[in-house]
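Bear in mind these aren't lab numbers, they're just calculated from the coordinates by the rules spelled out. Given the structure is predicted, the values throughout are model-derived calculations rather than measurements. Glycine gets a Cβ as well: all are built from the backbone with ideal geometry, and neighbour counts include every protein chain shown.
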Amino acid sequence: MLRNIFAVLAASSVLATGSLSAENRRDYMMIVGSTTIYPFSELVVERFVDGSGFKTPMVQPTGSGGGLSLFCNGSDELDPDITYASRPIRNSELDKCRKNGVDDVVEIKIGYDGIVLAQSADAESISLSRRDIFLALAELVPNPGDGESFIANPYETWKDVNETLPATPLEFWGPARGSGTRYIFARLGMEQGCRTIDGMIELEQDDPWKYRSVCRTFRDDQVYLKVSENDELNAEALKANANALAIISYGILEANSDIIRGLAIDGIPPDFQTISNGSYLISRPLYLYVKKSSADRYPGLREFVAEFTSDEAWGEAGYLRTQGLIPMSGDERKRYAEIAITLTPMTM
């Protein structure tokens, strides 16, 4: 379904803009992917178009998983040239790329972002551990009666999860499956909290499948509401609900600090310093994935990638910093800038 929708959009755009030749019917780039990176992309696209005269790329926010799926479908004019991802590409996705002839994938890390639990600035402030997060969000939790079996999550308030917390009803807003934000939050938030529970490390060794099912699966009831991946809208909605916590990117938190706050996790608040130095533990790298073959087919691709990876954009004082991008170290930027210039494909 996702590919069909994107193909219709792409085909309509091709018809609207005309063609360069029978072999190459469009003369602009097509980009899909992470909604987290989309706000950064808007700034880069604006600078790229204003400074170069190239046509505006077609950019479709699809989520990381959806974007990588479209990216790996092939290399014809209805397939995207670049995808944004808020997690690394998986081996299964590389296998799909290879199967469909996409064997020139260039991986460019652009920086870091934190994933935060945000609440209304007017709500009672709480601080959570990753253990609290697991017990509140997991589909299955250890049976309090025997500590060995698992039961459907019965917890309805924060006090049920941890008696030191208030009796506020549990209510989370977050993305659906396929979202890079959800994937990283499950791995770095829920799973790490799960591992603090007696017997879970042993379960990982004895039954890895059961371990992953318990530690990474979100509950599917009214406690966890799957909402739009438009974090700006979610931030605005928090103003009207003092109980709700939203899983959003740090960039959105920083841009809306007058109306929402981020919760400290294991005693560490989410801010620029704690994310950049690694002490805030729910953070992630952000990536561009580029088809090298598209650089010779669609005008401006090299220039667009160069703009995204310029010091003026991703540097410590770059314009993407204003949107919440956490810059990489100088050595990392140098490494990925070289990959961006040469468009060196990753080993598949």
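What percent of all Cα-Cα pairs in the chain falls in each 20 Å bin, counting up from 0?
Going out from 0 Å in 20 Å bins, the chain shows 29, 54, 17, 0 percent.
With runs of 4+ DSSP H residues as the only contributors, calculate the mean residue ellipticity of the chain at 222 nm using -39,500 (n - 2.57) per run, divided by the residue total and rounded to the nearest 500.
Counting only the DSSP helices, I get -10000 deg cm²/dmol.
Based on DSSP, what percent of beta bridges with both residues in the range 114-283 are antiparallel, to the nearest 5?
Antiparallel bridges make up about 70 percent of those DSSP assigns within the range 114-283.
Quick one: putting +1 on the C-beta of Lys and Arg, -1 on the C-beta of Asp and Glu, what dipole do you get for the chain around its Cα centre, in Debye to the nearest 20?
The calculated dipole for the chain is roughly 780 debye.
Determine the percent antiparallel among the DSSP beta bridges restricted to the chain, to the nearest 5.
On the way: 27 of 40 bridges.
Percent antiparallel among DSSP bridges in the chain is about 70.
Cross-link list 109/159; 226/291; 55/291; 55/292: which exceed 30 angstrom alpha carbon to alpha carbon?
From the list (109/159; 226/291; 55/291; 55/292), the Cα-Cα distance tops 30 Å for 109/159; 226/291.
Taking the range 114-283 as the region of interest, what is the percent of Cα-Cα pairs per 5 angstrom bin, listed from the shortest bin to the one with the maximum distance?
1, 9, 18, 23, 21, 15, 8, 4, 1, 0
As I understand it, the dipole of the chain uses +1 on the Cβ of Lys and Arg and -1 on the Cβ of Asp and Glu, about the Cα centre. Which of 244, 279, 317 lies farthest toward its positive end?
317
Would you mind pulling out the separation of the Cα centroids of the range 292-315 and the range 185-211, in Å?
The distance from the Cα centre of the range 292-315 to that of the range 185-211 comes to 40 Å.
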